[in-house]
Amino acid sequence: MRGPVKIVATVGPSSASASILAQMLSLGVDVARINTSHGSVDQWSSMLESLRRAEEAVGKRVGVAVDLEGPRVRTSNSALVKLEKGDLVTLGYMEGDIPVDSKQFFEALDEGDIVLLDDGKIALQVESVEGFQVKARVIEGGVLGPRKGVVVRGKEPDLPPLTARDRSALEFFADKGVSHVYVSFARSAEHVEKVRSIIRRLGLRHARVFAKIEGPSGVRRIGEIAEASDGVIIARGDLGMHYSLEELPEIQELIVMEARRRHKTVVLATEFLSSMIEKPVPTRSEVVDIYQAVLQTADALMLTGETAVGRYPVKSVQWMAKISSRAYRKLAASPPEKPRPTSTPYKLALGLVELAESLDAPLVVYSKTGRFAERLASFRPLKTFYVGVPSREVERVVRHLWGAEPVVVGDHPYEAGLARTYEKLRSENIIHGDETVVEAAWSSERGIYIIRVRNLEF
Ligand SMILES: Nc1ncnc2c1ncn2[C@@H]1O[C@H](COP(=O)(O)OP(=O)(O)O)[C@@H](O)[C@H]1O
Ligand SMILES: C=C(OP(=O)(O)O)C(=O)O
Ligand SMILES: [K+]
Ligand SMILES: [Mg+2]
């Protein structure tokens, strides 16, 4: 039992081939992330093509998440830059030892500011600011790769939530079966709503909008942002540059709690297995980090550099799946607490999860949009639950949810959809004929909620 936690893998140069992706999918990847901070329409096209081929080979369709660059400030160097501790370097707009691609970056800079590069691996302290010419001292050295993220600790560029690059990326992906859009640097509910309206205009009907919490305003406004989103992502890469690292565990706990109490999908991202970018085996602390993340009941864990540019993308997925299924055993022994239901649909969902658990029976439902599945997942059912869905579009949405196993049965009235779902599970021998099963669907035609328990043993 791989366990209910889902795995998001970033597709990049290391994993863009159909054969590598097929191995990753069969080992447990549930969502493929395309980080549009990098690459081009041509590269994204070939990634989607490889992904389709991998899905065919494995017989499993996964979520397709488009991660928008957002107002990201980056260095614009194309070659590596070696930086030694103590060096005095110049930062300039598209020029200098360290060229930076945003004018707003320089306008907000003051002497004494700490500038972090590449998820904080390199740190500088600003000594002088003359317009777009800045002198800074290297306080943490390293080799700066091309086009790496730049963050001024505690300062967020007051830029619009979407850039021209984001809009063209969304236009490209509008008819590509995308199931999730990750909004980078989400700073307010308004940001999220803006992206949602653009997505709707582009015809991405079912796509869910997840807000990436990457800086101080995202953390401060987590409540309104979570309310406005379908899910939140704890982006530990950028968060670890805005905050000092020892603050990260509490921020992670806070955001998981704020998301879960609002029944929102919650994803933990970045540096879970970063040592496996170079090595075939994780460090002990990475293993424990993943184990603890599962016990914190995130819906999904995200691999970034490990599968995008790492030397061991398949082994990284293998390790994440192995550790999370081990953590699942611990969870099964001491079930996680469930959030309070906030309305009738959630009360029904909670009742269903508890009924299935008390009978130790599989839960089978039919959900036309995937919203019913989201409500059930939010109560963290300990066993996989099966969700009949009308289309591949909804299948991809449901794939992201804790414990949810989507089954495409076509578009039917609820009761017929539920019957087809049960039949399909029986025909694939996922559920056995004599097994007690809890089923549910609501019949909008008759305005009633159907709960049926098959093969009860008294
Ligand atoms: N689509 C891509 N094409 C090329 N390189 C990529 C792609 N996606 C990710 N990468 C590489 O993998 C690294 C880690 O991935 P990720 O953490 O998603 O990126 P970042 O944090 O830089 O936005 C990136 O810095 C980049 O070097
Ligand atoms: C996932 C993250 O965002 P990105 O990789 O797009 O910077 C992060 O900052 O941890
Ligand atoms: K991004
Ligand atoms: Mg980030």
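Restricting attention to strands (runs of 3 or more DSSP E) lying wholly within the stretch 140-258, give those where 1 or more residues are more than 16 Å from ligand 1 (Cβ to nearest atom) and touching a residue at least 12 places away in the same chain (Cβ under 8 Å). Let's see the steps before the verdict.
On the way: elements: 142-144, 150-152, 180-183, 208-213, 231-235.
Hits in the stretch 140-258: 150-152, 208-213, 231-235.
Take the residues of the stretch 1-49 that are within 9 Å of ligand 1 (Cβ to nearest atom) and in contact with a Lys or Arg (Cβ under 9 Å, 6 or more places away or on another chain): which is farthest from Gly177 (Cα to Cα)? Outline the logic, then answer.
Narrowing the stretch 1-49 to residues within 9 Å of ligand 1 (Cβ to nearest atom): 10-14, 16, 33-40, 43-44, 47.
Filter once more, so that each one left must be in contact with a Lys or Arg (Cβ under 9 Å, 6 or more places away or on another chain): 10-11, 14, 36-38, 44.
Numbers: Thr10: 17, Val11: 16, Ser14: 23, Thr36: 16, Ser37: 19, His38: 20, Trp44: 13 Å.
Looking at residues that are within 9 Å of ligand 1 (Cβ to nearest atom) and in contact with a Lys or Arg (Cβ under 9 Å, 6 or more places away or on another chain), I get Ser14.
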* To do: Kindly establish whether Lys264 is farther than 15 Å from Leu68 by Cα, touching a strand residue (DSSP E or B) at 6+ places or on another chain (Cβ under 8 Å), assigned by TED's automatic domain parsing to the domain that holds Ile34 and surrounded by 21 or more Cβ atoms within 10 Å (Cβ to Cβ).
  => yes
Checking the structure you have, find out if any residue of the stretch 425-438 is surrounded by fewer than 17 Cβ atoms within 10 Å (Cβ to Cβ), basic (Lys, Arg) and over 19 Å from Tyr328 (Cβ atoms). yes
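Listed here are the residues, each with its yes/no results for (1) within 16 Å of ligand 4 (Cβ to nearest atom); (2) within 18 Å of the chain's Cα centre (by Cα); (3) among the hydroxyl-bearing types (Ser, Thr, Tyr); (4) not in a helix (DSSP H, G or I).
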| position | (1), (2), (3), (4) |
| --- | --- |
| Ala16 | no, no, no, yes |
| Ser19 | no, no, yes, no |
| Asp30 | no, yes, no, yes |
| Ser50 | no, no, yes, no |
| Ala57 | no, no, no, no |
Of Ala361, Ala356, the only residue that is touching a strand residue (DSSP E or B) at 6+ places or on another chain (Cβ under 6 Å), assigned to a loop (DSSP other than H, G, I, E, B) and either at negative phi or not assigned by TED's automatic domain parsing to the domain that holds His180 (or both) is Ala361
Flagged pairs (Cβ under 8 angstrom, 6 or more apart or on separate chains; first in the stretch 299-316, in the same structural domain as Ser274 (by TED's automatic domain parsing); second of a type in the set (Phe, Trp, Tyr) and at pLDDT 95 or above) are Asp299/Trp402; Ala300/Trp402; Leu301/Phe272; Met302/Phe272; Leu303/Phe272; Glu306/Phe272; Glu306/Tyr312
message = So, Gly388, is that one at pLDDT 95 or above, small (Gly, Ala, Ser) and either under 18 Å from the mean Cα position of the chain (by Cα) or assigned to a loop (DSSP other than H, G, I, E, B) (or both) or not?
response = no
Restricting the stretch 32-46 to residues that are polar (S, T, N, Q) and within 16 Å of ligand 4 (Cβ to nearest atom), the one modelled with the lowest pLDDT turns out to be Ser37
Filtering the stretch 298-311 for residues that are crowded, with 21+ Cβ neighbours inside 10 Å and either over 15 Å from the mean Cα position of the chain (by Cα) or in a loop (DSSP other than H, G, I, E, B) (or both) leaves a count of 4
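Take Ser76 and decide whether it is closer than 22 Å to Glu214 by Cα and within 16 Å of ligand 4 (Cβ to nearest atom).
No, not satisfied.
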Per the filter on the stretch 85-97, residues of a type outside the set (Ser, Thr, Tyr) and within 12 Å of Phe132 (Cα to Cα) are Leu91, Gly92, Met94, Glu95, Gly96
Exactly one of Arg53, Arg61, Arg72 is closer than 30 Å to Ser15 by Cα, away from ligand 1 (no atom under 14 Å from the Cβ) and touching a residue at least 60 places away in the same chain (Cβ under 8 Å), and that residue is Arg61
For the stretch 118-128, check the following and say yes or no: at least one residue is without any contact (Cβ under 8 Å) to a residue 24 or more places away in the chain, over 30 Å from Val397 (Cα atoms) and assigned to a loop (DSSP other than H, G, I, E, B). yes
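The values are calculated or read from the model by the stated rules, or taken from the named source; none is laboratory data. The structure presented is a predicted model; accordingly, all values stated were derived computationally and were not measured. Note that each Cβ is placed from the backbone with ideal geometry, even for glycine, and that neighbours are counted across all protein chains shown.
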